[in-house]
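This report refers to the structure that appears directly beneath it.
Quick note: the coordinates plus some simple rules give every number you see, no bench work behind them. These figures come from a predicted structure and were not determined experimentally. Reconstructed Cβ throughout: ideal geometry from the backbone, glycine too, with neighbour counts over all protein chains shown.
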Amino acid sequence: MPVFDFGNIKNEKPAQTVCTYMVRETNTREITREQPFLVLAEQVGGAAERASQTPLPHHVSGTFADLRMRSAFLVGEAKTPYDILDIDARFISLVKWLGENRIRVRLSGEHTANGYAVTKIREIAFGGDSRLSAEDGFLQYMIGRLLASDAPGEEPEEEAEEGDDMKLTSLQSITDFLSCAGRTLPNNIRLWARRNLAVARSAEVTPEERRHAQRALSIMLNIQWKSSYFEAIDPVEARRILDSELYGMEKVKQRIVETIIQINRTHTLPAYGILLAGPAGTGKSQVAYAIARILRLPWTTLDMSSIRDPEQLTGSSRIYANAKPGIIMEAFAAAGESNLVFIINELDKASAGKGGGNPADVLLTLLDNLGFTDNYLECMIPTGGVYPIATANDLSAISAPLLSRFAVIEIPDYTANEKQVIFRGYVLPKVLSRMGMRPEECEVTDDGLATIVREFAGASGIRDLEQAAEHLAANALYRIEVGHLPKVTFGETDIRELLE
């Protein structure tokens, strides 16, 4: 392993450089005794001193040495220096920042053959310093970002560390984050952040410009910019999720599982998104949500029928007093990370723009995965981890360039027999569960079920069936509560009377 000169740390003798540790390159998402933050020497001093010392306790408080001293942790009021022997490369800047600002921390660790392995770092006192960045929440936020920076895997299953909800808003916290965890940002965003920080601090620009620069920094730095590398997904589990969410649709499920297998081979998202085309009410949105669940990604929805101006997607320039980011950038900010599923509803309505342009043209830049630029932020946003899933009723209304960005999956309407199975096995149980009713409290005979399906034979999809299930369940609940009945069974005659 390479020896790292911790900022050219010097001992009492200025001419002598003291570096006590080795750098460990790792991308683990979890800190353990085998992969700790850092390792401290167990003892200090000469042989006589070491013989009388007791091992470091499980919790030990102190400060890290600043740049004028050796690479060590100073324990207690006596500031006894315990040399750093080994450190995870991702945390060098953080340890340096803690030392330069003399922030007292409590280390928790375990004794190993290599030394005292530090598995937790908590801030315990900041001497009256009121800076946000001196608080423990900020420290845990930075640790979480650093742990995630080089890890391509899925989110850890354990409970999130305290501090995950921390937001970078003040200039001090933004400055300290760039010093400690700036390396977690893509290169172009890191350079952009430095420039905007200079604007936010400058006395030579207007207060409005400073406010916009600080707001833009807060938006960008609170997003976790992840690698576009994807861990393998279990196809069997993906199929289980699809079967639990969707009835039938065998060709649709097959295409989705094929996509999962492709991701497992390349560890990247496919070059094309998915366009689910079919009549209204056939479950296109439900398929999209199931795919997001399989990919283990946050999702956001773009409703193209309500977007008439491209600026709604791209944001407005900071030259305007009421400038703000666009819907796409707000979606990244809401998700808190750069890898997410964009569910684009009613893509066939995207060409109906008015005034200054066509919203469909904006979608082309997002779908090409070459980067997206928001007018407010004025920075290219990497989109390699964005997976678009669109829905549409009419493929003929979608422009050829836009359609070419998707793999089209046709979702046909359900047959009468399929609607009966869906109503009895999916729709009615879901409604009863939501109302807090037991399945045996509301039953439908075979004749009653056939009557429901015939009643809505002219409607596509199953939305009318869902409304009918709501009506039946509500009526059954009323009769049970008011009439003190143990259960209600709906036959053909009952259904006709209820749905008239």
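Which percent, to the nearest 5, of DSSP beta bridges fully inside the stretch 235-410 are antiparallel?
The antiparallel fraction comes to roughly 15 percent.
Go ahead and estimate [θ] at 222 nm for the chain from helices alone: -39,500 (n - 2.57) per DSSP H run with n ≥ 4, summed, over the residue count, rounded to 500.
-11500 deg cm²/dmol, from helical runs alone.
Rounded to the nearest 20 debye, what is the charge dipole size of the chain about its Cα centre when +1 sits on each Lys and Arg Cβ and -1 on each Asp and Glu Cβ?
1760 debye
How much of the calculated P(r) for the stretch 416-499 lies past 15 Å, in percent of all Cα pairs?
52 percent
For LYS79, LYS226, LYS120, what ranking results if the residue with the fewest other Cβ atoms within 10 Å of its Cβ goes first?
Least crowded to most crowded, the residues run LYS79, LYS120, LYS226.
Could you derive backbone 3J(HN,Hα) for the stretch 362-367 from the dihedral phi with the Karplus parameters 6.51, -1.76 and 1.60 (θ = phi - 60°), listing whole Hz in sequence and x where the residue is Gly or Pro?
Coupling constants for the stretch 362-367: 5, 4, 4, 5, 5, 6 Hz.
With a 10 Å Cβ neighbour count serving as the proxy for reagent exposure, in which order, fewest first, do ARG434, ARG215, ARG463 appear?
ARG434, ARG463, ARG215
If the stretch 189-229 were replaced by its equivalent ellipsoid, with semi-axes equal to the square roots of 5 times the Cα gyration tensor eigenvalues, what would those be, largest first, whole Å?
Result for the stretch 189-229: semi-axes of 24, 10, 5 Å.
Could you work out the relative contact order of the stretch 416-499? I mean the mean sequence separation of Cα pairs under 8 Å and 6+ apart, divided by the number of residues, in percent.
Computed over the stretch 416-499, the figure is 42 percent.
Rg over Rh of the stretch 286-325, using C-alpha atoms and the Kirkwood radius, what does it come to?
Rounded to two decimals, Rg over Rh is 1.18.
With equal scatterers on the alpha carbons only and no solvent term, can you work out the Debye log10 of I(q)/I(0) for the stretch 189-320 at 0.12, 0.16 1/Å?
Normalising to I(0) and taking log10 leaves -0.71, -0.94.
How do THR451, THR266, THR169 line up, fewest other C-beta atoms within 10 Å first?
THR266, THR169, THR451
Which percent, nearest 5, of DSSP beta bridges in the chain are antiparallel?
Here the antiparallel bridges make up roughly 55 percent for the chain.
What percent do you get for the relative contact order of the chain when only Cα pairs under 8 Å and 6+ apart count?
Taking the mean separation of contacting Cα pairs over the length of the chain, I get 10 percent.
Taking the Cα atoms only, what angle lies between the long axis of helix 284-295 and the longest principal axis of the chain, rounded to 10 degrees?
30 degrees
Counting only residues 5 or more places away or on other chains, whose amide H sits under 5 Å from the amide H of CYS379 once H atoms are built in the peptide plane?
HN-HN under 5 Å from CYS379: ASP374.
For GLU100 and SER460, compute 0.36 nm times the residue count separating them, minus their Cα-Cα distance, and round to one decimal in nm.
122.9 nm
State to the nearest 20 debye the size of the charge dipole of the stretch 358-496 about its Cα centre, where the only charges are +1 on K and R beta carbons and -1 on D and E beta carbons.
Computed about the Cα centre, the dipole is about 280 debye.
Report the dimensions of the stretch 235-410 along its three principal axes from the alpha-carbon atoms, largest first, rounded to Å.
52, 32, 24
With everything on Cα atoms, drop me the angle between helix 235-245 and the longest principal axis of the chain, reported from 0 to 90° to the nearest 10.
Result, in degrees: 50.
Total Lys pairs in the stretch 235-410 closer than 25 Å by alpha-carbon, pairs eight or more apart in sequence or interchain only?
Final tally of qualifying lysine pairs is 5.
Can you tell me the order of 284-290, 378-384, 27-33 when each peptide is scored by its average per-residue count of other Cβ atoms within 10 angstrom, highest first?
The packing order, highest mean first, is 284-290, 378-384, 27-33.
Take every DSSP beta bridge with both residues inside the stretch 321-454 and express the antiparallel ones as a percent of the total, to the nearest 5.
Once the DSSP bridges in the stretch 321-454 are tallied, antiparallel ones form about 40 percent.
Work out from phi, with θ = phi - 60° and the Karplus expression 6.51 cos²θ - 1.76 cosθ + 1.60, the ³J(HN,Hα) of each residue of the stretch 408-419, listed in order in whole Hz, and give x for Gly and Pro.
7, 10, 7, 10, x, 6, 7, 7, 4, 5, 5, 5
Kindly express, to the nearest 10 degrees and within the range 0 to 90, the angle between helix 207-221's C-alpha long axis and the longest C-alpha principal axis of the chain.
Tilt of helix 207-221: around 80 degrees.
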